[in-house]
Amino acid sequence: MNRAAAVASLIRFARLMFNVLIAAVIIGIGESIDALHRLDDVFAPHARVLRVALPSLIALGFAMFMGGIIAMLLYGGKGEGTMHLRELRAAWRDGTWRRSPRMKRFHVIAGGVALMIVAGAVAGFVFGPAGVRMLILVWTAVAAATALYRRGRAAA
């Protein structure tokens, strides 16, 4: 390994450790917020239904994701393995995803992934400790702010 690769590897490791430290600080702050602990009382009456519904949604998302991948492997043509997000958005907006089997498969895959992520985050928020709730809230806020910022820059 040359020196530049070693430095790049060390920088990646330092970034990872910094992110772990930030997550630990956010979890610590969340554990000290009483309102996040009181959410257990809010979710308690619905816990029985949520313990069935959320894992079912995660399983459905996984089935959609894997089903789309398997369909793509079985029925897809050559060069079907990649697609840019811009292509997916454009196909959704102009309706070509309804006519193209390739687009349908990619939308099923993307929908399955989105369903798994959202249901998993909700499950973590509902059943996790207060620190995990805080981490999910911060992660969601940062993701939304980043998306809005990028959308604003793309429009300009």
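The values are calculated or read from the model by the stated rules, or taken from the named source; none is laboratory data. Quick caveat: nothing in here was measured; it's all calculated off a predicted structure. Quick reminder, even Gly has a Cβ in these numbers, built from the backbone with ideal geometry, and neighbours come from all protein chains shown.
Quick notes on this one:
- Given (1) free of Cβ contacts under 8 Å to residues at least 40 places away in the same chain; (2) closer than 21 Å to VAL122 by Cβ; (3) of a type outside the set (A, V, I, L, M), number of the condition ASP34 does not satisfy: (2)
- Boolean, MET83 is of a type outside the set (S, T, N, Q), in contact (Cβ under 8 Å) with a residue 12 or more places away in the chain and farther than 29 Å from VAL142 by Cβ: no
- Close pairs from the range 60-72: first within 17 Å of SER100 (Cβ to Cβ) and in contact (Cβ under 8 Å) with a residue 12 or more places away in the chain, partner not acidic (Asp, Glu) and not in a helix (DSSP H, G or I), Cβ under 9 Å, at least 6 apart: MET72/GLY81
- SER56 falls short on exactly one of the conditions (1) touching a residue at least 40 places away in the same chain (Cβ under 8 Å); (2) closer than 15 Å to VAL118 by Cα, and that condition is (1).
- Cβ-Cβ under 7 Å pairs, at least 6 apart or on other chains, the range 102-114 side at pLDDT 90 or above, far side aliphatic (A, V, I, L, M) and crowded, with 18+ Cβ neighbours inside 10 Å: VAL108/MET64; GLY111/MET64; GLY112/MET64
- LEU50 passes every criterion in (1) within 30 Å of ASN19 (Cα to Cα); (2) surrounded by fewer than 17 Cβ atoms within 10 Å (Cβ to Cβ); (3) not charged (D, E, K, R) apart from (1).
- Those residues of the range 136-156 which are closer than 29 Å to VAL126 by Cβ and of a type in the set (A, V, I, L, M), in sequence order: ILE136, LEU137, VAL138, ALA141, VAL142, ALA143, ALA144, ALA145, ALA147, LEU148
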